[in-house]
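Scroll down for the structure; my scribbles are underneath it.
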Amino acid sequence: MERRDEPPSLNAYESMLARRTAHTYRDAPLDRRSIERALHAANHAPCHRLTFPWRFIRVGPRGRAATADLAVQIKAERRPLSADEAKRVHDKTMAPPELVVACQVRNMDPFTSREDYAACSCAIQNFFVSLASEGILGKWSTGAITRDARLYGLLGLDPAAFEVIGFLWAGMADPPPDIARPPMESVVRAIP
Ligand SMILES: Cc1cc2nc3c(=O)[nH]c(=O)nc-3n(C[C@H](O)[C@H](O)[C@H](O)COP(=O)(O)O)c2cc1C
């Protein structure tokens, strides 16, 4: 655990409760150190047999613009888009201040692959909880674009070696309305 340049302002429990999925973000850049701390926290996730299966790609302005163009292209292949609709899809992809692409190293063994996905999910949760500890929200998103071969080309990723498992968006945002969670007694039981 070699780095912690600024202490988080929320403790771990508070940060887990503060982490929420945001869909709209303020137009304010994040301190690059917040993302670095979050990626560092991600890299401290647990993983069985120390496979360290997570990879993260930070997407800069050129990559973001290419991603937005691809998002429009994919939508337009399903049905023709008006100029306004195309602009809306483009702007939605450009709006969040940060985009990190989360990838998993492929493994031919199904059990290892399943455990590696669990480890990557822990890493992604660490990423978002670290951000939440500093008052930053985000979203893990998956969709046609995260499975599209052209995205792999744009990211310089070999699809035989890696799988894109999500876009990780981040920025300053108002927390969304509360979501009703299942009652504790429906998800926890104890045996003597
Ligand atoms: C694997 C995974 C994929 C997700 N993909 C999407 C997505 O494509 N779009 C989206 O709006 N939210 C996505 N989410 C976020 C969930 O919708 C969100 O966590 C859920 O609504 C609960 O809200 P909360 O995160 O604020 O607790 C994803 C979450 C996970 C774990």
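Please treat every number below as a calculation from the coordinates, not as lab data. Bear in mind the structure is a predicted one, so any value in this text is a computation, not a measurement. No Cβ is skipped: glycine too gets one built from the backbone with ideal geometry, and neighbour counts run over all protein chains shown.
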Principal axis dimensions, segment 142-192 - Cα atoms, whole angstrom, descending: 52, 35, 17
Approximate shape of segment 95-192 as ellipsoid semi-axes (Cα gyration tensor, √5λ), whole Å, largest first: 28, 22, 11
Taking all pairs of distinct alpha-carbon atoms in the chain, Kirkwood radius in angstrom: 18.1 Å
Label zone at Leu10, where the point sits 7 Å out along the Cα-to-Cβ direction: segment 158-192 residues whose backbone N lies under 19 Å: 168-182
Linear extension gain, Lys87 paired with Phe52, 0.36 nm per residue minus alpha-carbon span: 8.8 nm
Distance in nm between pseudo-label sites at Arg189 and Ala118 (7 Å out along the Cβ direction from Cα): 2.1 nm
Value at 222 nm in deg cm²/dmol, rounded to 500, when DSSP H runs of n ≥ 4 in the chain each add -39,500 (n - 2.57): -13500 deg cm²/dmol
Rel. contact order, % - alpha carbon contacts under 8 angstrom, at least six apart, the chain: 36 percent
Amide H contacts under 5 Å for Glu98, placed H, 5+ residues apart: Ala170
Rounded to 10°, Cα long-axis angle of helix 61-78 versus longest principal axis of the chain: 70 degrees
Residue among Thr93, Thr146, Thr51 with the largest mean-square fluctuation in a Gaussian network model of the chain, springs linking Cα atoms under 10 Å: Thr51
Pairs of Cα atoms farther than 13 Å apart, segment 118-172, %: 63 percent
Segment 20-121 shape via C-alpha gyration tensor axes, a/c threshold 1.5: oblate
Electrostatic dipole magnitude of the chain [Cβ: Lys, Arg +1; Asp, Glu -1; Cα centre; debye, to 20]: 280 debye
Taking the convex hull of Cα positions in segment 84-144, its mean projected area over all directions (nm²): 5.5 nm²
Ranked packing of 111-118, 135-142, 123-130, most packed first, by mean Cβ within 10 Å: 123-130, 135-142, 111-118
